[in-house]
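No value in this document is a laboratory result; all are computed from the given coordinates. Fair warning: this is a prediction, and the values are worked out from it, not measured in the lab. Because the Cβ atoms are built from the backbone with ideal geometry, glycine has one as well, and the counts that use them run over all protein chains shown.
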Amino acid sequence: MMDSRKKRPSLAVEIAGIKMKNPVMPASGTFGYGEEYAGYLDLEGLGAIVTKGLSLKPKAGNPTPRIAETTSGMLNAIGLQNVGIDGFIEYKLPFLREVNTPVIINFFGNTLEEYGEVAQRLSDIPEIAGVELNISCPNVKQGGIVFGTDPVCAHEVVAHVRKYLKKPLIAKLTPNVTDIAVVARAVEEAGADAISCINTITGMAVDVRTRRPRLANRTGGLSGPAIRPIAVRMVHQVVQAVKVPVIGIGGIVEAADALEFLIVGASAVQVGTANFVDPSAMADIIAGLEKFLVEEGIEDIRELIGSLEL
């Protein structure tokens, strides 16, 4: 236990060799490439910066409308709009080089070859601390099946990327599966150094006046506080199934939300939809975590990780 007169509690964690000042980072797709939020909070106060997903070539994304607010959440069908790997290196990386915070690049592909090529390009950039592999994408060579919904496909894409990547590899899992623990074990066996979960849950909303979908894409990914209990349950399941570190994602708005994920065994967390509501949300969450440790007399946040009592 900690004497409040002593030094501040430690919030530091380590994920697959990536040392972080604290366990809080943005969820991919909610923080741009980092620079967009520089005027709202201290980027060097974050545990890490996670960029929006990168693909081999620039991607325009889906037609609008592609965001719809829901009860305690948000549906989005952005369509993974991004500048592509060349645009990232030329226009986005120079800013990130100047920030003293680990940078994790989220990326994706529609074929194994695309995944491998992007991984190889990212592996050669020294300023990148690690990568997060988005496997919630359709495999166009296998009839459009989403890589992450099938354990065999998930294993295949992670193993393929592992061949080209020297950096820490985080596999981001989709919740749209029957048993997420099975997929988690598959990506761990394929060489993932850590797992992040969950990605958004597929949903749909309808405008009752026009009787048309509220998204041009018809369906989108549901995020926000509405999905947090599902995310906490899935993170708990994954933690029980694998030995690698797990990063919890889903509806975190305040410190208490982040603590739920840590207590069930996540080593770190990502904050997504809350960044749209309050651009300084992560700074408040980090401050809230420290306040909680002080109040509970806990010297190191790692004491909380996996402390769930059953």
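Comparing P279, V239, N217 along the charge dipole axis of region 181-310, the residue lying farthest to the positive side is N217, per the Cβ-charge model.
Cα axis of helix 180-190 to longest principal axis of the chain: angle in degrees, 0 to 90, nearest 10? That works out to roughly 90 degrees. A simple spin-label model places the labels of F276 and R209 2.1 nm from each other, with each point 7 Å out along Cα-to-Cβ.
If you look at the Cα atoms of region 45-123, you get an Rg and a Dmax of 14.5, 41 Å.
Taking a straight line from the alpha carbon of K19, these aspartates and glutamates sit under 20 Å away, with near neighbours fewer than eight places off in the same chain left out: D42, E44, E98, D124, E127, E132, D193, E290, E299, D300, E303.
Between helix 281-296 and the chain there is an angle of about 30 degrees, using the helix long axis and the longest principal axis of the Cα atoms.
When shorter helices are ignored and each DSSP H run of at least 4 residues is given -39500 (n - 2.57), the per-residue value for the chain at 222 nm works out to -8500 deg cm²/dmol.
For helix 228-241, report the angle its Cα long axis makes with the longest principal axis of the Cα atoms of the chain; keep it between 0 and 90° and round to the nearest 10°. Helix 228-241 sits at roughly 80 degrees to that axis.
If we count every other residue with Cβ under 13 angstrom of L96's Cβ, Lys/Arg +1 and Asp/Glu -1, where does the sum land? Before the final figure, lay out each step's value.
Numbers: positive: K52, K92, R97; negative: E35, E36, E44, E90, E98, E127.
Around L96, the charge tally is -3.
Rounded to 0.05, the FRET efficiency of the E189 and F95 pair, given R0 = 25 Å and the Cβ-Cβ distance, is 0.10.
Do any trypsin sites (Lys or Arg not before Pro) in region 1-105 lie in a loop, going by DSSP, with at most 16 other beta-carbon atoms within 10 Å of their beta carbon, and if so which? Filter output for region 1-105: R5, K6, K7. Residue order for C153, C197, fewest other beta carbons within 10 angstrom first, comes to C153, C197.
Let me have the relative contact order for the chain, percent, based on Cα pairs under 8 Å that are six or more residues apart.
Values: 721 pairs, mean separation 65.4, N = 310.
Relative contact order here is 21 percent.
Once the C-beta distance of A38 and A283 is scaled by a Förster radius of 22 Å, the resulting FRET efficiency is 0.95 to the nearest 0.05.
Put a plus charge on the Cβ of each Lys and Arg, a minus charge on the Cβ of each Asp and Glu, and nothing anywhere else: the dipole of the chain about its Cα centre is then about 780 debye.
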